[in-house]
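One structure below.
The values are calculated or read from the model by the stated rules, or taken from the named source; none is laboratory data. The model shown is predicted, which means the values in this text are computed figures rather than measured ones. Methodologically, a virtual Cβ is constructed for each residue, glycine included, from the backbone with ideal geometry; neighbour enumeration extends over all protein chains shown.
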Amino acid sequence: RTQTEAIPAVAGASLRVPLVTGETVGYANLDHAASAPCLDAVRAKVDEFLPWYASVHRGAGFASQVSTKLYERTRDVLRRFVDARRTDTVVFTRNTTDSFNLLARSLPRHTTVIVFDTEHHATLLPWAGPNVRRLPTPRTRLAAVSAVDDALAAAPQGPRLVVVTGASNVTGELFPVAEIAAVARKHGARIALDAAQLAPHRRTSIKELDVDYVALSGHKLYAPFGAGALIGRADWLRAAPPYLAGGGATKLVTEDAVVWNTGPERHEAGSPNTVGVYALGVACETLSENWAAIEHHEQALLTRLRKGLEAIPGCAELRLFDAPVDRVGTVSFVVDGFDPGWLAAVLSAEYGIGVRDGAFCAHIAAKRLIGVTGGDGQQAVRVSLGLGSTEDHVDRVLLALRQIVARGARWEYTKVDGRWAP
Ligand code: PMP
């Protein structure tokens, strides 16, 4: 960790939320994996930019020039953020889901796609048709690499794409991306990385991992909603039909023909989200300067959290892999005898703690992993740490869980529109 590194501050540290008793308490946001709070640096820069934003590319006015410059400059910021190759393109999208749908629409005909079935739905579902091979996720990282190797060996010749997540949004576990990329390379296949949960926590390098594409979301990277990116090889994207048809994507339109742009703007029709993209860029720059401090902060909290959860009777953590692996600060668990949705509702209403419950848009993963814990449902509770997390937040959730378990599931809650409410 260098002397100048710090844990970047985020908005929301002083938020207070109402409890069911009518009191208010400081909000413990333990749901960073869903959406992370805005960095103070992003907030300040966006505030400066707000009076200036104008339509990019089209306007001749000074504000349009400023906006266009910042928007285009952010492509370079993203390129640096993921350590991209000089030739990689950066297409701005709405989020990771949008990025993978764009990539899916840009695949050459008859591309074989290989993906683990426990992936987040954004990573699992955009690929359709007979050429998609869904692999069950093995219980070891080594077996995961072999499974991709075997699937590629059995795949027909022609374009092939492996899609894999950097860090699981359910368990925080890291997939062996570099090893899978090496296997893909050996077979002449390409590989796309879902960095939605990895990029907010670890330096993610296209060159070091040797992946072809990276998809990410601004709202998980401590920027407000609305902007994401797909970064990677330009050729398939350049040859694909425009993702959206409309202004900005065209070079020339005549009465009977359209000439589409070949750069990233080919897939960015319509007035782009200039403020969102700018915010994403500032977030990337801020994180890049502080990786060691960020990782140190999050890993210390993760250890504290996992140790505490282990001591809670009936609490079982979900894990993809049998052996312990490197992971980010996301932990999902079930507690014997307690409905996860109910637990999450009590944590919010009685303790002012925000967690997530459910199957985390990864239904196959949730079902399989909860089966392994002996839990009978298909849902769990997820605590996810990040820059807004403190030791106090971790201690509060552990104390709350201990108290809830000690008292038993006897509080009066009812289900309203599918959610438990006091
Ligand atoms: N992949 C993973 C691993 C995720 O956690 C998420 C968001 N939960 C996504 C993809 C989709 O991201 P977004 O909702 O921003 O499109």
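The conditions are (1) within 17 Å of GLN197 (Cα to Cα); (2) without any contact (Cβ under 8 Å) to a residue 60 or more places away in the chain, and LEU399 fails exactly one of them. Which is it?
That leaves (1) as the condition not met.
ALA36 versus (1) more than 16 Å from the ligand (Cβ to nearest atom); (2) aliphatic (A, V, I, L, M); (3) buried (at least 19 other Cβ atoms within 10 Å of the Cβ); (4) outside any helix (DSSP H, G or I): which is the lone unmet condition?
For ALA36, the failing item is (1).
In region 313-323, is there at least one residue being surrounded by fewer than 21 Cβ atoms within 10 Å (Cβ to Cβ), in the same structural domain as VAL20 (by TED's automatic domain parsing), among the aromatic types (Phe, Trp, Tyr) and farther than 30 Å from TRP236 by Cα? Walk me through it before giving the result.
To start, the set of residues in region 313-323 that are surrounded by fewer than 21 Cβ atoms within 10 Å (Cβ to Cβ) comprises 313-317, 322-323.
Still in the running and in the same structural domain as VAL20 (by TED's automatic domain parsing): 313-317, 322-323.
Within this subset, residues satisfying the condition of being among the aromatic types (Phe, Trp, Tyr) are none.
Checked against the condition, which is being surrounded by fewer than 21 Cβ atoms within 10 Å (Cβ to Cβ), in the same structural domain as VAL20 (by TED's automatic domain parsing), among the aromatic types (Phe, Trp, Tyr) and farther than 30 Å from TRP236 by Cα, region 313-323 yields no hits at all.
Against the conditions (1) closer than 21 Å to THR165 by Cβ; (2) buried (at least 17 other Cβ atoms within 10 Å of the Cβ); (3) out of contact with any Gly (no Cβ under 6 Å at 6 or more places or on another chain), where does SER205 fall short? Just the number, please.
All conditions pass for SER205, except number (2).
At least 1 residues that are farther than 23 Å from ILE370 by Cα and among the small types (Gly, Ala, Ser) in each: list the strands (runs of 3 or more DSSP E) lying fully within region 116-228 that qualify.
Values: elements: 132-135, 160-165, 190-194, 213-217.
Here the list reads 190-194, 213-217.
Anything in region 177-208 that is more than 29 Å from VAL10 (Cα to Cα) and either among the basic types (Lys, Arg) or within 16 Å of the ligand (Cβ to nearest atom) (or both)? List them, or say none.
Correct list: VAL177, ILE180, ARG185, LYS186, ARG190, ILE191, ALA192, LYS207.
State whether one or more residues within region 60-78 are away from the ligand (no atom under 16 Å from the Cβ) and assigned to a loop (DSSP other than H, G, I, E, B). Outline the logic, then answer.
Within region 60-78, the first condition is being away from the ligand (no atom under 16 Å from the Cβ), and the residues that meet it are 60-77.
From the residues that got through so far, the ones that are assigned to a loop (DSSP other than H, G, I, E, B) too are 60-61.
Checking region 60-78: at least one residue is away from the ligand (no atom under 16 Å from the Cβ) and assigned to a loop (DSSP other than H, G, I, E, B).
Kindly establish whether PHE100 is in a helix (DSSP H, G or I), within 16 Å of the ligand (Cβ to nearest atom) and either surrounded by fewer than 23 Cβ atoms within 10 Å (Cβ to Cβ) or not polar (S, T, N, Q) (or both). It would help to see each step written out before you state the result.
Working: in a helix (DSSP H, G or I): yes; within 16 Å of the ligand (Cβ to nearest atom): yes; either surrounded by fewer than 23 Cβ atoms within 10 Å (Cβ to Cβ) or not polar (S, T, N, Q) (or both): yes.
So PHE100 fits the description; yes.
From the list VAL20, VAL25, which one is away from the ligand (no atom under 16 Å from the Cβ), in the same structural domain as LEU398 (by TED's automatic domain parsing), in a loop (DSSP other than H, G, I, E, B) and surrounded by 13 or more Cβ atoms within 10 Å (Cβ to Cβ)? Write out each step before concluding.
On the way: VAL25 fails: in a loop (DSSP other than H, G, I, E, B).
Exactly one of VAL20, VAL25 is away from the ligand (no atom under 16 Å from the Cβ), in the same structural domain as LEU398 (by TED's automatic domain parsing), in a loop (DSSP other than H, G, I, E, B) and surrounded by 13 or more Cβ atoms within 10 Å (Cβ to Cβ), namely VAL20.
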